[in-house]
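No value in this document is a laboratory result; all are computed from the given coordinates. Keep in mind that this is a model prediction, so the values were computed, not measured. Ideal geometry is used to build each Cβ from the backbone, glycine not excepted, and the neighbour counts take in all protein chains shown.
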Amino acid sequence: MLVSSSSTDPGVPESSTAPCEQAAVPSPTTATSSPLILRKLRHSSGGEPLAAGTQKSDFDCTSINNDVETRSPVRTRRHSWRQQIFLRVATPQKGCDSPNRFDERSEWGDIPPRSPLQPVRENDPSVPVETARHRSPEELRELWKKAIIQQILLLRMEKENQKLQASENDLQNKRLKLDYEEITPCLKDVTVVWEKMLSTPGRAKIKADMEKIHGAVGQGVPRHHRGEIWTFLTEQNQLRHQVPNKSHLKDIPYKELLKQLTTQQHAILIDLGRTFPTHPYFSAQLGAGQLSLYNILKAYSLLDPEVGYCQGLSFVAGVLLLHMSEEDAFKLLKFLMYDIGLRKQYRPDMVTLQIQMYQLSRLLHDYHRDLYNHLEEFEIGPSLYAAPWFLTMFASQFPLGFVARVFDLIFLQGSEVIFKVALSLLGSHKPLILQQENLESIVEFIKNTLPNLGLVQMEKTINQVFEMNISKQLQDYEVEYHVLQDELIDSSPLSDNQRINKLEKANNGLRKQNFDLLEELQVSKGRIQSLESTVDNLQSNEAKLKQALCTLELERSAMLTTIEELKKQIMVYQENGVQFEQKP
């Protein structure tokens, strides 16, 4: 092996050689794989390759190294070309040098790797950067402390930024959900009344004034508080009507239901795209709105296997989902189905829906006889146009602002609101319906033209609903329907099998009706028990008050006799000439 004439630094180990020595005497393993060294050889001879071991190469490298030593306060450390490449790789602790800059610097000879504490010199790459001064342990400790504090602040800022981003997403989703036009703008005074009722401490256990609630609902419901107001109306309804638990399935948590599988999955998935297809929250296929809607419908189909899933439920759940979270919407859906009693019309036999169609027909007969006759002339029954109204609560055909007001009234007054709204809609458009002269035009008008009524007509319809009271008539019409069904069965000339089948169906219907009556009986018993307990409490309180009153009267009479005795004693003392001294 050849030895270069240049001297080595005393601080460098003997095993490490200078780059100039490597350039002058390339080893067999590195001579073919080091283009940078060949470039050095070319530059050192002005473009012509130098012979190994020449004095000029030694002189150039030595002069460059001497120049580096004069400019840098720290003695440069010499490395092989492989070590230079390794030390020049950008890491979090080192600055990132571009390949061009590395090539330019490597041409000047052995340049020490830059420390992370050194400033970057972009103007003159040939001049090495001065090494930072040696720091004491106290200074290093302060720097570490400062870096840790900054890192903690950065983490906190990232968490706050994530929270802000989440809140922005929630606000954006809320705006997207509530993207519909109000028909009854809620004034500021009414909004203040609602906010006071909603902020009442322990409101779930306190009965509010129903007249005040009716007045507030009539004047309007603020859109951004509508979901919370529906929950408030639900709480008030449960306080006044303590309904016993009708099914053990109602106690299953919502999250547990989501973990199970349902047999209604296919039917639910088909109807997801048909539910509010133009609304931006539900329009995206398998988006956030459709996924939440699927979860609610799946959970209810598992909760109520008798109903499972029926077309129309998706619209009811969708309206609830637009105004509240997924779990809250599921709770209110349970309230509507079980406590309000809407689940009867979704049963597979649809008997309750048939009864509702008969009741609506009878209401038209009583309130709008000419319209009833006109529809009967073309054999148009309520099932042709009103079935979607009842199954979707008007949500499948009418604007969302109108549907939201209908839901306000349903949570306030119950399921009879649907009859009131249907009767008001048909009655207010009676002149236009009477102008239609065939079946197709009448059905087309009721299904398509009628739902596109203006805001004034919508508000007029809602105001009419507040003034109507048809509870007694609905009960009479339901009894009338069952009587007519029994008469039809008895008078029809049927075979034995057909008669048996009809009797079995009627028996099943009576059983279900009996079951419903038993449920109502349980509710009435619960109310009676609560009233009896209230009466007992009032009677016990009355007895206690009477006893306390007697005690007070006795004490009063005793005190009066004592006062009389004291007066007599004072008069006796005065007659005897005894004078009472007043203490200062």
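What the table shows:
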item	result
Theoretical gain in end-to-end length, Q165 to D370 [0.36 nm per residue, Cα-Cα removed]	67.8 nm
In Hz, Karplus ³J(HN,Hα) per residue of region 551-561 (6.51, -1.76, 1.60; θ = phi - 60°; x = Gly, Pro)	4, 5, 5, 4, 5, 5, 5, 5, 5, 5, 5
Restraint check, K255/K334; K205/K544; K255/K298; K177/K420; K472/K512; K205/K525, Cα-Cα greater than 18 Å	K205/K544; K177/K420; K472/K512; K205/K525
Positive minus negative residues near F445 (Lys, Arg vs Asp, Glu; Cβ under 13 Å)	-1
Listed residue pairs exceeding 30 Å between alpha carbons, taken from K174/K196; K196/K331; K163/K331; K207/K430	K207/K430
Zone residues, region 394-409, relative to K460, backbone N less than 17 Å from point 7 Å out along Cα-to-Cβ	402
Taking region 264-396 and dividing mean pair separation by its residue count, relative contact order in percent (alpha carbons under 8 Å, at least six apart)	22
Highest average packing first - 334-347, 185-198, Cβ atoms within 10 Å	334-347, 185-198
Extension gain (nm, one decimal) between E542 and A288, 0.36 nm per residue minus Cα-Cα	85.6 nm
Total formal charge among the other residues, if their Cβ is under 11 angstrom from that of I149, Lys/Arg +1 and Asp/Glu -1	+2
Difference of contour (0.36 nm per residue) and Cα-Cα distance, A147 to T534	132.5 nm
Debye log10 I(q)/I(0) for region 142-269, one point scatterer per Cα, at q = 0.15, 0.19 Å⁻¹	-1.01, -1.14
Table column - 3J(HN,Hα) (Hz), region 415-429, Karplus curve with 6.51, -1.76, 1.60, x for Gly and Pro	6, 5, 4, 4, 5, 4, 5, 4, 5, 5, 5, 5, x, 6, 10
K525/Q498 FRET efficiency (R0 51 Å; Cβ-Cβ; nearest 0.05)	0.80
Label-point separation in nm, R156 to E377, each point 7 Å along Cα→Cβ	8.0
